Amino acid sequence: MKYLIIDALLGGTGIRNKYDGAYVDPQTLMLSNNITNQLNSWLTRYGDEHFNGFNDDLNIDKLDQEGIQLALAIKEELVNAKLAYFSAARLLMSTI
């Protein structure tokens with residue numbers, strides 16, 4: 001069983017191991033190209049919001065909802081995985 005956290009912390013891959021905190025290369029998880037592309041796009045947009053100082057609450061909410069949807073999609077592709085979502089802007093963890 002894999003225990004993973006989806007997050008958009010700067011410098012990360014968007015997926016990290018829950019217990020050791022190490023980032024996981026999405027390609028090693030054999031995720032679909034569609035999910036990998038969505039993840040990369042989301043990371044870029046979340047990074048932009050970070051550099052804007054997390055000032056736009058509506059955009060943060062939108063990005064966090066998209067992150068949760070990504071986590072759900074990844075959970076569907078990884079049958080033996082438990083996922084959580086961490087909001088880098090709000091510093092809150094949610095179980096998926």
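Every number here is computed from the coordinates shown, using simple stated rules; none is lab data. What you are looking at is a predicted structure, and each value in this text was computed from that prediction instead of being measured. In this analysis, Cβ positions are derived from the backbone assuming ideal geometry, glycine residues included, and neighbour counts consider all displayed protein chains.
Largest mean-square fluctuation among 80, 59, 34, in a Gaussian network model of the chain whose springs join Cα atoms under 10 Å apart, belongs to 34. Only alpha carbons enter this Debye calculation for the chain, each as an equal point scatterer, and the log10 of I(q)/I(0) it gives at q = 0.15, 0.17, 0.24 Å⁻¹ is -0.51, -0.66, -1.33. Between the listed residues 94, 42, 58, the Cα displaced farthest toward the positive end of the dipole of the chain, a dipole computed from Cβ unit charges relative to the Cα centre, is found at 94. Here the dipole of the chain is about 340 debye; that uses its Cα centre as origin and unit charges on the Cβ of Lys and Arg (positive) and Asp and Glu (negative). Taking Cα centroids, how far is the stretch 4-28 from the stretch 29-68 in Å? Comparing the Cα centres of the stretch 4-28 and the stretch 29-68, I get a distance of 14 Å. Once the chain from residue 20 to residue 68 is taken as fully extended at 0.36 nm per residue, the excess over their C-alpha distance is 15.1 nm.
For residue 82, a cut-off of 16 angstrom between C-alpha atoms picks up these aspartates and glutamates, skipping any fewer than 8 places away in its own chain: 7, 20.
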